[in-house]
Amino acid sequence: MTFKPWTHRVALALGLALSLSACAPVLVGGAMGGGVLVVTDRRTSGSQLEDESIELKGNARMRDEFGDRAHINVNSYNRQVLLTGQVKNEQDRTYAMQLAQRLDNVKTVINELEIGLPTSLATRSKDLLVSTKVRATFVDSKDLFANAFSVTTENGVVYLMGRVTAREAQSATDLVRTISGVRKVVRAFEVISEEELRRMMPPPPKPAEVKKIN
């Protein structure tokens, strides 16, 4: 099967997303001048498990409490919870935030819920495509590590989370703004220094030893 360049990047982004959901190291090509780098999640393994638990319990709790009268997404990165979607009124908006704050291990909650009717299936499908494009763009970037970012799209608004440097945050924002279907970019980053980033990076692989056979 032959892939067009953009299609290939989307497929790679989807593969990356699936790998990240399993909290596994990811092999990424095309970053930092085209080299192949083994990059790991910038959260601790404990934080990754906590985030996964927060999302599972949080989304289940929202469904139980609101049913079909609201559309609420719970995303967590390094115990910072992002709420997106639509609720019926300000009372529901406040209640959803209180529910999120009561979840175990939650550090902070960013409430981006809008008051209005839930988005249609067609809109949610478009949002999924936008998120996929964003991840594909990050994979194709020469100065960004795609798995350093959490991407959520709601009604054309792209929310970016992650532990990144100020340089990475600006570069990612500039890239996302060029993608079709993006109405707005909202950043919820935990900014780290370049020195912190260097300490996080895995050491370069040792050159393979070559044995001579006489």
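The values are calculated or read from the model by the stated rules, or taken from the named source; none is laboratory data. This structure is a prediction, so every number in the text was calculated from the model and none was measured. We place every Cβ from the backbone using ideal geometry, glycine too, and count neighbours over all the protein chains shown.
General observations
- Summed over the range 47-73, residues that are of a type in the set (Val, Ile, Thr) and touching a Gly at 6+ places or on another chain (Cβ under 7 Å) total 1.
- Count of residues meeting criterion [buried (at least 22 other Cβ atoms within 10 Å of the Cβ) and either outside the structural domain of Ser193 (by TED's automatic domain parsing) or under 21 Å from Arg79 (Cα atoms) (or both)] in the range 164-178: 2
- Looking at Ser141, Ser125, just one residue is crowded, with 16+ Cβ neighbours inside 10 Å, over 20 Å from Gln80 (Cα atoms), outside the structural domain of Lys88 (by TED's automatic domain parsing) and more than 12 Å from the chain's Cα centre (by Cα), and that residue is Ser141.
- The condition (being under 27 Å from Leu49 (Cα atoms), charged (D, E, K, R) and in contact with an Asp or Glu (Cβ under 9 Å, 6 or more places away or on another chain)) is satisfied by just one residue among Asp104, Asp64, Asp143: Asp104.
- Any hit, the range 49-64, residues being outside the structural domain of Ala172 (by TED's automatic domain parsing), crowded, with 19+ Cβ neighbours inside 10 Å, farther than 29 Å from Leu121 by Cα and modelled with pLDDT of 95 or more: yes
- Any chance Ala96 is small (Gly, Ala, Ser) and at pLDDT 95 or above: yes
- Test: residue in the range 124-134 that is in a strand (DSSP E or B) and within 30 Å of Ala70 (Cα to Cα): no
- For Asp104, the conditions (1) acidic (Asp, Glu); (2) in contact with a strand residue (DSSP E or B) (Cβ under 8 Å, 6 or more places away or on another chain); (3) assigned by TED's automatic domain parsing to the domain that holds Val74 are fulfilled apart from (2).
- Candidate set: the range 149-177, residues that are touching a residue at least 12 places away in the same chain (Cβ under 8 Å) and in a loop (DSSP other than H, G, I, E, B); chosen: the one nearest to Leu117 (Cα to Cα): Asn155
- Filtered residues of the range 116-147 (kept if among the polar types (S, T, N, Q) and without any contact (Cβ under 8 Å) to a residue 24 or more places away in the chain): Ser120, Ser125
- Scan of the range 83-110 for residues that are without any contact (Cβ under 8 Å) to a residue 40 or more places away in the chain, of a type in the set (A, V, I, L, M), part of a helix (DSSP H, G or I) and surrounded by 18 or more Cβ atoms within 10 Å (Cβ to Cβ), ordered by number: Ala96
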